[in-house]
Amino acid sequence: MSAQELSRDQHLEIYYWMRLTRTFDDRMLALWKQGRGVGGTFSQRGHEAISVGAGYALGPKDVVAPMHRDLGCYLLRGLSPRRAFASLLGRATGVTAGRDANLHGMGDLSLGLIGFISHLPQSLPVTLGVAMSFLYRDEPRVAMTFTGDGASSAGLFHEVLNMASLYNAPMVIIVENNQYAYSTPLSQQMKVPDIARRADGYGIPGIIVDGNDVEAVYAVTKEAVERARSGGGPTLIEAKTMRMLGHAIHDGAEYVPRELLAEWEKRDPIRLYEERLLSAEICDQAELDEIGRRCEVEIEDAIAYAEASPWPDPATVLEGVYAP
Amino acid sequence: MTDTAQTFGFSEAVQQDESRVMTYIAAISEALRYEMRRDPDVLILGEDVGGEFGGAFKVTKGFEEEFGPRRVMNTPLAELGFTGMATGMALMGLRPVIEMQFADFISTAFDSIVQFAATTHYRWGGAVPWVIRAPCDGGIRSGPFHSQNPEAWFVHTPGLKVVAPGTPADAKGLLLAAIRDNNPVIYFESKPLYRSLKGYVPPDDYVVPLGRANVARAGDELSIITYGTQLQESLKAAERLAAEGIHAEVLDLRTLKPLDTEAILTTVRKTGKALIVHSANRMAGVGAEVAAFIAEHAFEWLDGPVQRLGGLDTPIPFSPPLEDAYRPNADKIYRLARDLAQY
Ligand SMILES: Cc1ncc(C[n+]2csc(CCOP(=O)(O)OP(=O)(O)O)c2C)c(N)n1
Ligand SMILES: [Mg+2]
């Protein structure tokens, strides 16, 4: 497993991104409970190993289109917590300068990031196009995107798997199977238990991975990224996990059995990774605590920055509809 | 002849160059080939566009041979997917030209167009410089699903540009402008004009800027404001009106989004009467927007009610007597214009 190639520094880096994502998420939810949020937002809880593990497998010139549970991926691509928080609060300093809501639209091509739209799974064909531009120009780059179990039932998902396979596109698709699409459990979405099997119909590898094990997610994604980069075509990776909170901030998710959540809580991706880092003696508790403190400071700074940031000037509302 | 020469800005001498007289569809092919030779980032994708076949209407015949399969991509039947794919390519700086086999099928790609491509620059600054070529319009007995004019859906959508050439020269000039524009542009090309209309087309780098209408015929008693297929019908009607001493001005919008509002104001202020004509059905069509604009901005210049002529508000019928009843044509334009002139 290529995860074994991870150096100590890389391990700590991965841990830092997961912890930063969790801290961001916790503080974001607290802020919203205090009525300091704007509109809605999506909790990331439980998805940190996927967004960070998969995102970490990309090279600096690769391009990724994350979805609404992939804050970790945005952060590790270099989107600062300050800009991200300012986006959430609709400020002029946010990625979209107040034009797009919550985590939507956080695109920045200088960071290799494509912003998503609500319509699922619209990021898929766009990512395919990014991959096709790499083929067109003979560039050894890879395009990656994330999608949900719910979105994997849309026709577009299948159009894209077919075309990615047909064109041998250098593309990696991560399906975050968190057991629910809003309130609808997997059993009411499809008869096949493994979404990865949908890859079989298109003649591409379909891989299942434990979405709460960051090293495993990193390893399979790294392999898929290298396969894509070396001309081996697309891969579908199904990362199985659990959405630990509601679909979005307004949703108490009463429809999710509490026992199910309790089971998954034992497998919290950040705690699992901490245990692994400690038991393998990659670092000690003091180092983990120190990283935790760093994350707290960064997120507090980001919130202060975002709340002090100006609102967008209504006089600019017409600006930017068209590219010059 | 003089009107045309003036408005297109070609000298009559140049227009006599017989070798540059070509069909509307040949002008489209010429523009595509010209731009692909000039700019290696331009590529074509769509159903059946490649190989020997060269597209349902043969617009790209011979292209794969010249440019190779990488630049002339056959796609599976998956409009939503390949339009979204073009958006990804465009975000990376390529300039895909998508051939929608018929404009009617563009509805299957709706999300990729109006939700993703149209909003991206406003939301986060990503430019999406693709063009969709959409062969539109009927009158050729093709029935409800091969005759449509869905331009109003896209004119309604911020972030898109929409063009509808009505002459071979504009077919070329607007296509070059559309490909070079840094925004998603929907290019409605008229199937009925493909091989029925011939005209002089300037050689080489001939660009008709987006957003500029053209006075296709000058007149001072009423304005017929139109585009696409109905330009030719309007010109025929104006000819007949002229024979009766009624001088109609024909304004060819050419670009439907952004609208050339200055040109609309200029012609309406000049004539005081406006008839708007398009093949698409009337309800909430482009004519409604133009009429509202005139009402808002030129009310005091009007000497009669703004009139609209469009397709009927039905699915497009197949059988010749039904389709003829459905469609605007020169005769219907003539009659409405004559009544308006007499108002
Ligand atoms: C085309 C479309 N229909 C409906 C919605 C509303 N919606 C937003 S997220 C969601 C569920 C998505 O489930 P899934 O793909 O599993 O992603 P998850 O939120 O579970 O991560 C729904 C129905 C949408 N965004 N797009
Ligand atoms: Mg889900």
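The values are calculated or read from the model by the stated rules, or taken from the named source; none is laboratory data. This one's a predicted model, so the numbers in the text were calculated from it and none came from an experiment. Note that each Cβ is placed from the backbone with ideal geometry, even for glycine, and that neighbours are counted across all protein chains shown.
The table below lists the values:
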{"quantity": "Hits in segment A:174-214 - residues which are away from ligand 1 (no atom under 16 Å from the Cβ) and in contact with a Gly (Cβ under 7 Å, 6 or more places away or on another chain)", "calculated": "A:197, A:199, A:200, A:204, A:214"}
{"quantity": "Residue A:149, sole failed condition from (1) more than 14 Å from chain B (Cβ to nearest Cβ); (2) more than 16 Å from ligand 2 (Cβ to nearest atom)", "calculated": "(2)"}
{"quantity": "Count of segment A:48-72 residues which are within 16 Å of ligand 2 (Cβ to nearest atom) and within 14 Å of another protein chain (Cβ to nearest Cβ)", "calculated": "2"}
{"quantity": "Qualifying positions in segment B:292-311 - in contact with a strand residue (DSSP E or B) (Cβ under 6 Å, 6 or more places away or on another chain) and of a type in the set (A, V, I, L, M)", "calculated": "B:294, B:306, B:309"}
{"quantity": "Top-ranked residue of segment A:125-142 - restricted to ones that are more than 7 Å from every other protein chain (Cβ to nearest Cβ) and out of contact with any Asp or Glu (no Cβ under 7 Å at 6 or more places or on another chain), ranked as farthest from ligand 1 (Cβ to nearest atom)", "calculated": "A:138"}
{"quantity": "Close pairs (7 angstrom Cβ cut-off, 6 or more residues apart or separate chains): facing chain B (nearest Cβ under 7 Å) in segment A:90-101, surrounded by fewer than 21 Cβ atoms within 10 Å (Cβ to Cβ) and outside any loop (DSSP other than H, G, I, E, B) anywhere", "calculated": "A:95/A:108"}
{"quantity": "Set B:255, B:226, B:267: member being more than 23 Å from residue B:343 (Cα to Cα) and crowded, with 23+ Cβ neighbours inside 10 Å", "calculated": "B:255"}
{"quantity": "Wholly within segment B:127-192, strands (runs of 3 or more DSSP E) carrying at least 3 residues that are not charged (D, E, K, R)", "calculated": "B:131-136, B:185-190"}
{"quantity": "Residues that are over 20 Å from residue A:104 (Cβ atoms) and within 16 Å of ligand 2 (Cβ to nearest atom), drawn from segment A:153-179", "calculated": "A:153, A:177, A:179"}
{"quantity": "Test for residue B:152: is it buried (at least 24 other Cβ atoms within 10 Å of the Cβ) and either away from every other protein chain (no Cβ under 13 Å) or under 27 Å from residue A:137 (Cα atoms) (or both)", "calculated": "no"}
{"quantity": "Those residues of segment B:170-191 which are buried (at least 23 other Cβ atoms within 10 Å of the Cβ) and over 12 Å from the mean Cα position of the chain (by Cα), in sequence order", "calculated": "B:177, B:179, B:183, B:184"}
{"quantity": "Candidate set: segment B:74-100, residues that are more than 8 Å from chain A (Cβ to nearest Cβ) and hydrophobic (A, V, I, L, M, F, W, C); chosen: the one surrounded by the fewest Cβ atoms within 10 Å (Cβ to Cβ)", "calculated": "B:77"}
{"quantity": "Residues satisfying the stated conditions in segment A:254-266, i.e. touching a residue at least 40 places away in the same chain (Cβ under 8 Å) and over 19 Å from residue A:212 (Cα atoms)", "calculated": "A:255"}
{"quantity": "Inter-residue pairs, beta-carbon under 7 Å, first at positive phi and in segment B:61-73, second in a loop (DSSP other than H, G, I, E, B), 6+ apart", "calculated": "B:62/B:54"}
{"quantity": "Residue A:160 vs. criteria within 21 Å of the chain's Cα centre (by Cα), outside any loop (DSSP other than H, G, I, E, B) and over 21 Å from residue A:230 (Cβ atoms)", "calculated": "yes"}
{"quantity": "Enumerated helices (runs of 4 or more DSSP H) restricted to segment A:240-324, each holding at least 3 residues that are under 18 Å from residue A:30 (Cα atoms) and away from chain B (no Cβ under 14 Å)", "calculated": "A:285-308"}
{"quantity": "Matching residues in segment A:180-209 - criterion: being within 16 Å of ligand 2 (Cβ to nearest atom) and either among the acidic types (Asp, Glu) or within 14 Å of another protein chain (Cβ to nearest Cβ) (or both)", "calculated": "A:194"}
{"quantity": "Qualifying residue in segment A:171-191 (condition: at pLDDT below 95 and either in a loop (DSSP other than H, G, I, E, B) or within 21 Å of the chain's Cα centre (by Cα) (or both))", "calculated": "no"}
{"quantity": "Criterion violated by residue A:70 - all others in (1) within 14 Å of ligand 1 (Cβ to nearest atom); (2) free of Cβ contacts under 8 Å to residues at least 40 places away in the same chain satisfied", "calculated": "(2)"}
{"quantity": "Unmet criterion (only one of (1) more than 14 Å from chain A (Cβ to nearest Cβ); (2) of a type outside the set (Phe, Trp, Tyr); (3) within 21 Å of residue A:159 (Cβ to Cβ); (4) crowded, with 21+ Cβ neighbours inside 10 Å) for residue B:113", "calculated": "(1)"}
{"quantity": "Residue in segment B:202-215 that is within 14 Å of another protein chain (Cβ to nearest Cβ), closer than 30 Å to residue B:303 by Cα and touching a residue at least 40 places away in the same chain (Cβ under 8 Å) present", "calculated": "yes"}
